[in-house]
Number of protein chains: 2
Amino acid sequence: MRLIAIVLAVVLPGMALADPLPSWNDTDAKAKIIAFVDSVTDPAADTYVTPADRVAVFDNDGTLWAEKPMYVQAFFALDRLKAMAEKDPSVLSSDVLKAAAEGDMKTVAASGEKGLLEIIDTTHTGLPVETFIEDARTWLATAKNPAKDKRFEDMVYQPMLELLSYLRDQGFSTYIVSGGGIDFIRAFSEKAYNIPVNQVIGSSVKSKFEMVDGVPTVIKEPGVFFVDDKAGKPVGISGRIGKRPIFAAGNSDGDFEMLQWTTAGEGPRFGLIVHHTDAEREFAYDRDSNVGKLVRGLDEGPGLGWLIVDMAKDWAAVWPDE
Amino acid sequence: MRLIAIVLAVVLPGMALADPLPSWNDTDAKAKIIAFVDSVTDPAADTYVTPADRVAVFDNDGTLWAEKPMYVQAFFALDRLKAMAEKDPSVLSSDVLKAAAEGDMKTVAASGEKGLLEIIDTTHTGLPVETFIEDARTWLATAKNPAKDKRFEDMVYQPMLELLSYLRDQGFSTYIVSGGGIDFIRAFSEKAYNIPVNQVIGSSVKSKFEMVDGVPTVIKEPGVFFVDDKAGKPVGISGRIGKRPIFAAGNSDGDFEMLQWTTAGEGPRFGLIVHHTDAEREFAYDRDSNVGKLVRGLDEGPGLGWLIVDMAKDWAAVWPDE
């Protein structure tokens, strides 16, 4: 691709270079993204934004990779719980944990937030951060989405990979801002998206520093430290990045405040929502979904100037291996 | 300086380029720093570290700028409290706040952590993050250190500015990791140190997202969110950067765990402590100081291979305007 671009640039001066978003159809969505990027990168335009302020934030589940039938991290937690229980059955010390290990998702769902936190505390804490990340990486190397029989890591969205890459080529810094666990995302952000671990923002449990057998170690502890979802997303971005992004992409109402805060700033701003409309290639869901519920984004987003990406219509391909 | 470097490079190929640390005397300290940097940047050496892992962390107060007779942020809080009380005397709703506004530091000190938090809640919360940062910037533009009659912003350490710059030129990313307030540091990190706001880690109060007169806003709230000091420093670094640094610099026992964690990692590591030995040009203090207390670092640091920088002996200049 790059060679072609160079050849075109040399041989056909004045003609357009290679398409930066080849997996996007030639619809309004693609045109709007490119027009925005042009507007903030043209030094002669009064909409120009200095590279240091070209901050773009992306939700992860349902925005960069698939989140159906259930969050990838939930599959990880359940597999991990089963493996822990095989070694030591006493790990399943409550009805919720027993139900989770048996795959009885109804009971788990009925247990609400309390049950979920119990599963997280059991499967995500009590070990060094680095060990947890290695464990997640090992699991991801083979784990598959049962609904599509594809590896989770292969279920990233090709058009979004191109968008990330295009923005970075145009001087943006790209961050993940996810309701999911920060250390879980750090296990794959670099490999999957070319996003370094220091540009991952997510929810987290507490952690503490202690000497373990004489070795200074940071350990994951039970209990929530920060929930990076809904109104927590602008708070997380403000705390971590220290400035308001000019570009935000999400797919659910968990991203609403992030897009709201991003697009309310002065100067050019871009809000993007991935609308899951493609039951054939991916999944179709929005208002009534168990994950990625999208109501306000559809009702209020267009009035706020946000781009609603219609996956079936706007994406020529969904997966990298297509 | 740069022109000289270019001239030397062109005219005298093969000869050493300009000294990267001109304000450091030619002592062991300087030689050790340069040897370390050479060892991790030489691609042929088995001590080579890839640029993505060249993470360097710096404490702020007493490591990058002066912290005597009292932390700069404490001067800011007191000035701000006085200004608030002039507009509305009812702000001084407790004995600690009254004492602070009168400059009665004995009573403030006697009130302990509780009193300090009351002053922080009063002077640092209840307003948008962006407004607070602007206020701090305005104050810093003129505020002076009473002990030296110099602007606080002019009391950054020239040798440390050179060290930051040298490390960045050698592919390091440089972070501030301070017990001080993150938003206060963000008011000057870029201007003073060339460190962007997203590379500042510090203590913080809670914050929340809310609509203020229809405008989406992140507001600073009363109550501590995170204390980035002592054992909190490795925790803050792990959460924010997501990897262990290979270089850490501090000056007090509040930095001990950060240096301990940094230098315990595999491969080449560097721990540096600025020892304030220069009563003439700056201040001389360590074991018994009200700020920047340094005991463990002096007792255990050398045994852990850390470099103890003797300010009087190792630094040719202290201030940028010298």
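The values are calculated or read from the model by the stated rules, or taken from the named source; none is laboratory data. Keep in mind that this is a model prediction, so the values were computed, not measured. FYI the Cβ positions are ideal-geometry reconstructions off the backbone, even for glycines, and counts take in every protein chain you see.
Summary table below
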| quantity | calculated |
| --- | --- |
| Residue within region A:214-231 that is within 10 Å of chain B (Cβ to nearest Cβ), buried (at least 21 other Cβ atoms within 10 Å of the Cβ), under 15 Å from A:W65 (Cα atoms) and touching a Phe, Trp or Tyr at 6+ places or on another chain (Cβ under 9 Å) present | no |
| Residues being assigned to a loop (DSSP other than H, G, I, E, B) and among the aliphatic types (A, V, I, L, M) - total across region B:40-54 | 3 |
| Yes/no for B:L117 being surrounded by fewer than 21 Cβ atoms within 10 Å (Cβ to Cβ), in a helix (DSSP H, G or I) and over 18 Å from the mean Cα position of the chain (by Cα) | yes |
| Yes/no for A:G250 being more than 9 Å from chain B (Cβ to nearest Cβ) and surrounded by fewer than 23 Cβ atoms within 10 Å (Cβ to Cβ) | no |
| Scope region A:170-185; condition more than 10 Å from chain B (Cβ to nearest Cβ), closer than 23 Å to A:S39 by Cβ and polar (S, T, N, Q); matching residues | A:Q170, A:T174 |
| Leading residue by the ranking (farthest from B:I176 (Cα to Cα)) among those in region B:232-288 that are among the hydrophobic types (A, V, I, L, M, F, W, C) and assigned to a strand (DSSP E or B) | B:A284 |
| Verdict on A:F226 being within 18 Å of the chain's Cα centre (by Cα), without any contact (Cβ under 8 Å) to a residue 40 or more places away in the chain and under 30 Å from A:H124 (Cα atoms) | yes |
| Residue list for region A:167-205, filter: touching a residue at least 40 places away in the same chain (Cβ under 8 Å) and more than 12 Å from the chain's Cα centre (by Cα) | A:L167, A:D169, A:Q170, A:G171, A:F172, A:S173, A:D183, A:A187, A:V205 |
| Subset of region A:215-231 (residues that are more than 27 Å from A:V37 (Cβ to Cβ), part of a loop (DSSP other than H, G, I, E, B), charged (D, E, K, R) and in contact with a strand residue (DSSP E or B) (Cβ under 7 Å, 6 or more places away or on another chain)) | A:D229 |
| Residues of region A:276-322 satisfying the condition of being over 17 Å from A:E162 (Cα atoms), of a type in the set (D, E) and surrounded by fewer than 17 Cβ atoms within 10 Å (Cβ to Cβ) | A:D278, A:E280, A:D288, A:D299, A:E300 |
| Of all residues making up region A:186-213, the number that are more than 9 Å from every other protein chain (Cβ to nearest Cβ), under 27 Å from B:Q260 (Cβ atoms) and of a type in the set (G, A, S) | 2 |
| Output for region A:264-288, where each listed residue is modelled with pLDDT of 95 or more, over 19 Å from the mean Cα position of the chain (by Cα) and under 23 Å from A:I201 (Cα atoms) | A:A264, A:R269 |
| Residues located in region A:289-322, provided they are assigned to a loop (DSSP other than H, G, I, E, B) and at pLDDT 95 or above | A:G292, A:K293, A:L294, A:V295, A:G301, A:G305, A:W306, A:A316, A:A317, A:V318, A:W319, A:P320 |
| Residue match in region A:293-306 (condition: among the aliphatic types (A, V, I, L, M), within 17 Å of the chain's Cα centre (by Cα) and within 15 Å of A:L64 (Cβ to Cβ)) | no |
| Only listed residue being assigned to a strand (DSSP E or B) and of a type in the set (D, E), chosen from B:E210, B:E190, B:E153 | B:E210 |
| Qualifying residue in region A:131-153 (condition: more than 13 Å from chain B (Cβ to nearest Cβ), of a type in the set (D, E), surrounded by fewer than 22 Cβ atoms within 10 Å (Cβ to Cβ) and under 14 Å from the mean Cα position of the chain (by Cα)) | yes |
